[in-house]
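K.L.:
Can you keep this structure in mind? I'll have questions shortly.
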């Protein structure tokens, strides 16, 4: 009997060690995919803003209030009705991605995620027209530090954060409604409140999503479904990517120095 218990104990310990190793590899993949997505977003935003602006008056089609001269591409992207398509396209694409993920192969899902990240870069490229490069870089560093700390907390804490999920999602829905309303109101006070609440919501979601990704892996790792694990890493990367991007954008709207 004692020998049987010892064998069980050793077996359980081995399985636990295997899950720990697999979990670290899974989380590294999640963070790796997210990082590539961030690089694509940054590169796309920088490249598009460069093509959309000019310092040559002969190439400019319109000049903005802060003196920035736009090319025909910039005028189309930022001043024409197409700007609404550019603004909301990432939201539509992320809903489509979530609906299609089960029908996509792991490779196709990864390409879809990268395409989404590039589209997000197009959508937020106007930040280079509005804010100084120094404040964008500074806000990115602040966001990175905050994200790392919050994600580490979500990964290591023994506290169950699942109760936060419903509360945060309700807050997110309310935030989206307020943002749509403020498109028409253009209230600076409401914009500041939205940004402040947005930072808090996505800070909470960073910790919550990290723990959720970890728990989902532990729950499914024993089945050894490589297809599921691959897609899970991509969806996890998307969740954390969105947490980071939104926290960055809200912090930038609060602390960014305008051109």
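K.L.:
Here's a check for you: in the range 132-146, which residue that is touching a helix residue (DSSP H, G or I) at 6+ places or on another chain (Cβ under 8 Å) and closer than 13 Å to residue 46 by Cβ is surrounded by the most Cβ atoms within 10 Å (Cβ to Cβ)?
P.N.:
136
K.L.:
Let me ask something additional. In the set 40, 33, 51, which member is part of a helix (DSSP H, G or I), in contact with a helix residue (DSSP H, G or I) (Cβ under 6 Å, 6 or more places away or on another chain), at pLDDT 95 or above and more than 30 Å from residue 151 (Cβ to Cβ)?
P.N.:
Working: 40 fails: more than 30 Å from residue 151 (Cβ to Cβ); 33 fails: more than 30 Å from residue 151 (Cβ to Cβ).
When all the criteria are applied, what remains is 51.
K.L.:
Going through 122, 91 one at a time, which residue ends up being modelled with pLDDT of 95 or more and either under 27 Å from residue 177 (Cβ atoms) or touching a strand residue (DSSP E or B) at 6+ places or on another chain (Cβ under 8 Å) (or both)? Lay out the reasoning, then the answer.
P.N.:
On the way: 91 fails: modelled with pLDDT of 95 or more.
Step by step, each of 122, 91 is checked, and only 122 is modelled with pLDDT of 95 or more and either under 27 Å from residue 177 (Cβ atoms) or touching a strand residue (DSSP E or B) at 6+ places or on another chain (Cβ under 8 Å) (or both).
K.L.:
Can I ask one more? Considering only the range 75-162, give the helices (runs of 4 or more DSSP H) lying wholly within it that have at least 3 residues that are in contact (Cβ under 8 Å) with a residue 12 or more places away in the chain, more than 16 Å from the chain's Cα centre (by Cα) and over 23 Å from residue 234 (Cα atoms).
P.N.:
Here the list reads 127-130, 133-156.
K.L.:
Let me ask something else. Check off (1) out of contact with any strand residue (DSSP E or B) (no Cβ under 8 Å at 6 or more places or on another chain); (2) crowded, with 18+ Cβ neighbours inside 10 Å for residue 52 and give me the number that stays unchecked.
P.N.:
It is condition (1) that residue 52 fails.
K.L.:
Among the residues of the range 173-189, is there at least one that is part of a helix (DSSP H, G or I), within 20 Å of residue 117 (Cβ to Cβ), in contact (Cβ under 8 Å) with a residue 12 or more places away in the chain and touching a helix residue (DSSP H, G or I) at 6+ places or on another chain (Cβ under 8 Å)?
P.N.:
No: the range 173-189 contains no residue that is part of a helix (DSSP H, G or I), within 20 Å of residue 117 (Cβ to Cβ), in contact (Cβ under 8 Å) with a residue 12 or more places away in the chain and touching a helix residue (DSSP H, G or I) at 6+ places or on another chain (Cβ under 8 Å).
K.L.:
Tell me, please, whether a residue that is surrounded by fewer than 17 Cβ atoms within 10 Å (Cβ to Cβ), in contact (Cβ under 8 Å) with a residue 40 or more places away in the chain and closer than 30 Å to residue 212 by Cα can be found in the range 56-67.
P.N.:
no
The values are calculated or read from the model by the stated rules, or taken from the named source; none is laboratory data. From a predicted model like this one, the values you see are computed outputs, not experimental measurements. FYI the Cβ positions are ideal-geometry reconstructions off the backbone, even for glycines, and counts take in every protein chain you see.
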